[in-house]
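Taking it in order: structure first as structure tokens, then the write-up.
The values are calculated or read from the model by the stated rules, or taken from the named source; none is laboratory data. A quick note: this is a predicted structure, and the numbers were derived from the prediction, not measured. Cβ placement follows ideal geometry from the backbone for every residue including glycine, while neighbour counts extend to all protein chains displayed.
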Amino acid sequence: MPKIEKWGLLPNTVLGILHKKEWENRRNLKQRLLNQRPFPIEISLKVPTDQQARDNLGHFHAFFKAWTDFAYPELVEWQERQYRQLSEQRVPVKLRIFSLQQLTELLGTEQQLENWLDKISSFLKQSFVHDRHQHRLFQTLIHHLEQIERYSQQEWQWLIQLIEQLKPNMGAGLYLRALPLSAVNTKFLEQNLLLTEAICNVLYDDEIVLAGGLLAWLDCLDSPKGWLTIKPVCPNVQEKLGGLPVFQLSTEVLDQFELPAERIIVVENIQSGLACPYLENSIVVCGGGKNITWMKAKWLQYKQVFYWGDIDSEGLNILSMVRQKIPHVIALMMDEATVLQFQNHMVDEPDSIFSEPQYLTADELKLFHDLRAQTFKNRRLEQERISVDWVHRYLELL
């Protein structure tokens, strides 16, 4: 196998370096396109020393011939060098590229660049793009080159049609999916939100950033977050809810909507909540996990509120945060008796709570420390590992 020399770079090697540095490196490429990275580009061909040339004359001659035959001779700089054995030789010393056109010709990327610039040009020609926005919009589109590259021509037309229709406050009182758009759907807007936001911010002189984002600028309603599952466990309560056996409400709605039952049973895990038996004048709210923000609702202060979560430091910490909001909350099955009954089903818990919860009762706080000290067979008893008959007997005592 012939020795690979580090000197006397051949054209294919140089073009590989050039492609990696100036085309694959998108930061460098974007700077070239924005005239922030000036030409010419110069790449040293690593001319050999006298000793290197004498040690491998075959490579020296291959180096000389390859650049003599190079398809773009005007880009190769040659110099006279004195070699002891070879006498004076005219050798290639560097490749110099003076323009973006020369760069793309060398790399064979003319079509790729043309596709990008055609898309950008078609956008800049739209009647809704004012002259004063042209330069900044060009910069913005170049910064999103990777996304532009992925668009088909049809998708690019959809983007143009979308941008043209967007106006301040057009989504007042509406969720994003209900935005009145024609020829393009709102899912396309959702999937292209960042680029749409960046373009609109240019066209509307930074109004989008000042408003806090595109959705705020459009005045769309925030999408409901933190869905919780509601299950009435009393026929009379279910009747008050139109007969619905189970349904979901968002955190925002639940904060304002008073549930028509005297007793509200909050269960961390959705499956455990759905398994709750009949309880007079009661509703189960389950599946929220750590989402307890809705429990600041004023109407909860006038209800009997119960909380049932995993018996571990995380679950007891959530119980503490619930009690901070609702001081009269009663914990369900989060006690030592339940742990002792089911400790063979306990699992380990990674450390996640590093400070003592502030709103636990004395018994709850003792349980917290006992769990951390591994007083039991392990440190976590999950709700779903408690038997159904134990749950039913416990709840019957309420």
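Please go through segment 156-182 and pick out each residue that is touching a helix residue (DSSP H, G or I) at 6+ places or on another chain (Cβ under 8 Å) and part of a helix (DSSP H, G or I).
The answer is Trp156, Trp158, Leu159, Ile160, Leu162, Ile163, Leu176, Arg177, Ala178.
Quick test of your reading of the structure: Leu106 fulfils all but one of (1) part of a strand (DSSP E or B); (2) under 27 Å from Arg27 (Cα atoms); (3) among the aliphatic types (A, V, I, L, M). Name the failing condition by number.
(1)
Is it true that some residue in segment 289-311 is buried (at least 22 other Cβ atoms within 10 Å of the Cβ), assigned by TED's automatic domain parsing to the domain that holds Phe342, in contact with a Pro (Cβ under 9 Å, 6 or more places away or on another chain) and not in a helix (DSSP H, G or I)?
No - not one qualifying residue is present in segment 289-311.
Got at least one residue in segment 198-213 being over 27 Å from Asp131 (Cα atoms) and of a type in the set (A, V, I, L, M)? Working first, answer last.
To start, the set of residues in segment 198-213 that are over 27 Å from Asp131 (Cα atoms) comprises none.
No - not one qualifying residue is present in segment 198-213.
Considering segment 251-266 alone, what residues qualify as being free of Cβ contacts under 8 Å to residues at least 24 places away in the same chain and either part of a helix (DSSP H, G or I) or touching a Pro at 6+ places or on another chain (Cβ under 6 Å) (or both)? Steps first, answer last, please.
Of all residues in segment 251-266, those free of Cβ contacts under 8 Å to residues at least 24 places away in the same chain come to 257, 260.
Listed by number, the list is empty, since nothing qualifies.
Quick check on my filter: what residues within segment 62-89 are exposed (fewer than 11 other Cβ atoms within 10 Å of the Cβ) and farther than 17 Å from Leu10 by Cα?
Glu80, Gln82, Arg84, Gln85, Ser87, Glu88
Can you report the number of residues in segment 303-331 which are more than 32 Å from the chain's Cα centre (by Cα) and more than 15 Å from Leu365 (Cα to Cα)?
Within segment 303-331, residues that are more than 32 Å from the chain's Cα centre (by Cα) and more than 15 Å from Leu365 (Cα to Cα) number 10.
Could you say which residue among Glu105, Glu149, Glu110, Glu164 is surrounded by 12 or more Cβ atoms within 10 Å (Cβ to Cβ) and free of Cβ contacts under 8 Å to residues at least 12 places away in the same chain? Give the steps one after another, and end with the answer.
Values: Glu105 fails: free of Cβ contacts under 8 Å to residues at least 12 places away in the same chain; Glu149 fails: free of Cβ contacts under 8 Å to residues at least 12 places away in the same chain; Glu164 fails: free of Cβ contacts under 8 Å to residues at least 12 places away in the same chain.
Exactly one residue qualifies, and that residue is Glu110.
Can you pull out the residues in segment 184-219 that are within 14 Å of Lys167 (Cα to Cα), buried (at least 18 other Cβ atoms within 10 Å of the Cβ) and not aliphatic (A, V, I, L, M)?
Once the filter is applied, which keeps residues that are within 14 Å of Lys167 (Cα to Cα), buried (at least 18 other Cβ atoms within 10 Å of the Cβ) and not aliphatic (A, V, I, L, M), segment 184-219 yields Thr196, Cys200, Asn201, Trp217.
Only one of (1) of a type in the set (A, V, I, L, M); (2) touching a residue at least 40 places away in the same chain (Cβ under 8 Å); (3) out of contact with any His (no Cβ under 7 Å at 6 or more places or on another chain); (4) under 30 Å from Ile148 (Cβ atoms) is not met by Leu195, so which one is it?
(3)
Give all pairs with beta carbons closer than 7 Å in which a residue from segment 216-227 that is outside the structural domain of Leu254 (by TED's automatic domain parsing) and closer than 13 Å to Ala172 by Cα meets a residue that is of a type in the set (Ser, Thr, Tyr) and at pLDDT 90 or above; count only pairs at least 6 apart in sequence or on separate chains.
The qualifying pairs do not exist here.
Please find, within segment 312-358, the residue that is farthest from Asn291 (Cα to Cα) out of those that are among the acidic types (Asp, Glu) and part of a helix (DSSP H, G or I). Talk me through it step by step, then tell me what you get.
Taking segment 312-358 as the starting set, the residues that turn out to be among the acidic types (Asp, Glu) are 312, 314, 335-336, 348-349, 351, 356.
Filter once more, keeping what is part of a helix (DSSP H, G or I): 314, 336.
On the way: Glu314: 13, Glu336: 25 Å.
Across segment 312-358, the extreme among qualifying residues is Glu336.
Among the residues of segment 117-137, write down those that are in a helix (DSSP H, G or I) and either basic (Lys, Arg) or in contact (Cβ under 8 Å) with a residue 24 or more places away in the chain (or both). Before you say what the answer is, go through the steps one by one.
Step one: filter segment 117-137 for residues in a helix (DSSP H, G or I), giving 117-124, 131-137.
The answer is Lys119, Ile120, Ser122, Phe123, Arg132, His133, Arg136, Leu137.
Every residue in segment 190-223 that is of a type outside the set (Gly, Ala, Ser), within 21 Å of Glu252 (Cα to Cα) and assigned to a loop (DSSP other than H, G, I, E, B), please.
Listed by number, the residues that qualify are Asp219, Cys220, Asp222.
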